[in-house]
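Take a look at the structure set out below.
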Amino acid sequence: MQIRLQIQRSDPASGETRLQLYELEARREATLLDCLEQIKDELDGTLAFRRSCREGICGSCAVRIDGRTALACRTPAAELVAGGRIPIIAPIGNLPVVRDLVVEMEPMWQKMRAVEPFLRPTSEAPGDGRETVVSPARLEAVRKEALCINCGACVSECDAMTVSPEFLGPHALAKAWRLVGDPREQENAPRLKRLSGEHGIWECTRCYLCNERCPKGVDPRDAIAKLGAEAFAAGVTRDRGARHARWFVTSARTTGWLRESELVVKTLGIAVSVTKIPLALRLYRRGKAPLPLPRHKASELQPARELRRIVAGQDRRGALGIVQSERILERIELVRAPEPEEEL
């Protein structure tokens, strides 16, 4: 089949960036990575890209395809050019470009090192000299996060990192949950306190793009949610982001809806909120900010409170409730409609 690709080329010396069109003939089962290799072998030996395993395991070949990050080795070329499309292949985002499709991964490794990606077990080892054995059931909470191949797809898609490069990001925080959720890590409060600070857990904007783009189903946003839940359970709630989330829960529990007029005070504190009074007055004059009093209570609030009481009685504090939800969703996804009978 005939393949046409536009590839973003960059010159590290001049800093020039341009799109270059390549046309080639490839077999129908070819992947995007096959096409890149054919271009380099037959058309342009100067094209730079990374690859290693060719099996979706190493994560080296991650690129952006028409703005969506994916592994080149797992992307069928036929789908890319269907209907005469000419896709644009570019390097992944939020990392410095070295050349063409190659990016500098060191900023991602720095953030991973910042979360101290190693266990600090405090439990005593078995007296017979064997290693500590943990059952698969106890490691279920970190099963997804252990699948990470460090491809950088989640980093590439993270809008929060685009706006705030200091944000630890979905990759590092997913690695952090892999350790916090490990039953061998028994002193989590100090780690959670560091992760809840500036540019940590609560800087995530919950866009879920990292979940959508992850090629291994790690679901980094879910890992960040688990860290936040564990921080709450450990009493680490002084960060503004934590106070913001806590007010959502309190407001919903007491009146059944989010009282936005009180949200700023509960999140930023009284001193900072005073400086926002001119903005609040402008919003009120334009009908975009209700008065905080009298408080409006949602109708039929009792069923919601009863549901909260039942859940609280089940003692699924911290990340346990999120892990349980993941299991339920996986079971739902396994349900498939019966296949239609074949016509004879």
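Listed values, structure above:
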{"read-out": "Of the criteria (1) buried (at least 18 other Cβ atoms within 10 Å of the Cβ); (2) within 23 Å of N94 (Cβ to Cβ), which one D159 fails", "value": "(1)"}
{"read-out": "Some residue of region 244-251 being surrounded by fewer than 18 Cβ atoms within 10 Å (Cβ to Cβ) and more than 30 Å from the chain's Cα centre (by Cα)", "value": "no"}
{"read-out": "Residue in region 45-68 that is more than 26 Å from G217 (Cβ to Cβ), among the aliphatic types (A, V, I, L, M) and touching a residue at least 24 places away in the same chain (Cβ under 8 Å) present", "value": "yes"}
{"read-out": "Selection count where residues are under 24 Å from K193 (Cβ atoms) and either among the polar types (S, T, N, Q) or part of a helix (DSSP H, G or I) (or both), scope region 212-256", "value": "26"}
{"read-out": "S273 vs. criteria more than 30 Å from the chain's Cα centre (by Cα) and surrounded by 12 or more Cβ atoms within 10 Å (Cβ to Cβ)", "value": "yes"}
{"read-out": "Residue check for T205: in a loop (DSSP other than H, G, I, E, B) and at pLDDT 90 or above", "value": "yes"}
{"read-out": "For R305: the one exception among (1) modelled with pLDDT of 80 or more; (2) at positive phi", "value": "(2)"}
{"read-out": "Lone unmet requirement of (1) out of contact with any Leu (no Cβ under 9 Å at 6 or more places or on another chain); (2) assigned by TED's automatic domain parsing to the domain that holds A13 for Q110", "value": "(2)"}
{"read-out": "Selection count, region 278-299, where residues are closer than 17 Å to L258 by Cβ and not in a helix (DSSP H, G or I)", "value": "12"}
{"read-out": "Subset tally (residues that are in contact (Cβ under 8 Å) with a residue 24 or more places away in the chain and either within 8 Å of the chain's Cα centre (by Cα) or farther than 22 Å from R64 by Cβ (or both)) for region 200-210", "value": "6"}
{"read-out": "Residue within region 174-182 that is part of a loop (DSSP other than H, G, I, E, B) and either touching a helix residue (DSSP H, G or I) at 6+ places or on another chain (Cβ under 6 Å) or not basic (K, R) (or both) present", "value": "yes"}
{"read-out": "Counted residues, region 2-26 - those being modelled with pLDDT under 95 and touching a helix residue (DSSP H, G or I) at 6+ places or on another chain (Cβ under 9 Å)", "value": "0"}
{"read-out": "Hits in region 257-277 (condition: assigned to a loop (DSSP other than H, G, I, E, B) and not polar (S, T, N, Q))", "value": "W257, L258, R259, G269, K276"}
{"read-out": "Inter-residue pairs, beta-carbon under 7 Å, first farther than 24 Å from A223 by Cβ and in region 124-141, second at pLDDT 75 or above and assigned to a loop (DSSP other than H, G, I, E, B), 6+ apart", "value": "A125/T132; P126/T132"}
{"read-out": "Region 147-168, subset assigned to a helix (DSSP H, G or I) and within 13 Å of C214 (Cβ to Cβ), residue farthest from the chain's Cα centre (by Cα)", "value": "L147"}
{"read-out": "From D44, D66, D100, residue being out of contact with any Pro (no Cβ under 6 Å at 6 or more places or on another chain), closer than 28 Å to L168 by Cα and acidic (D, E)", "value": "D100"}
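Here's the yes/no breakdown for (1) surrounded by 12 or more Cβ atoms within 10 Å (Cβ to Cβ); (2) closer than 21 Å to R243 by Cβ:
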site	(1), (2)
E106	no, no
A114	yes, no
R120	yes, no
V142	yes, no
E145	yes, no
K175	yes, no
R191	yes, yes
R194	yes, yes
H199	yes, yes
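The values are calculated or read from the model by the stated rules, or taken from the named source; none is laboratory data. Everything quoted here is computed from the prediction, not taken from an experiment. Neighbour counts run over all protein chains shown; Cβ positions are idealised from the backbone, glycine included.
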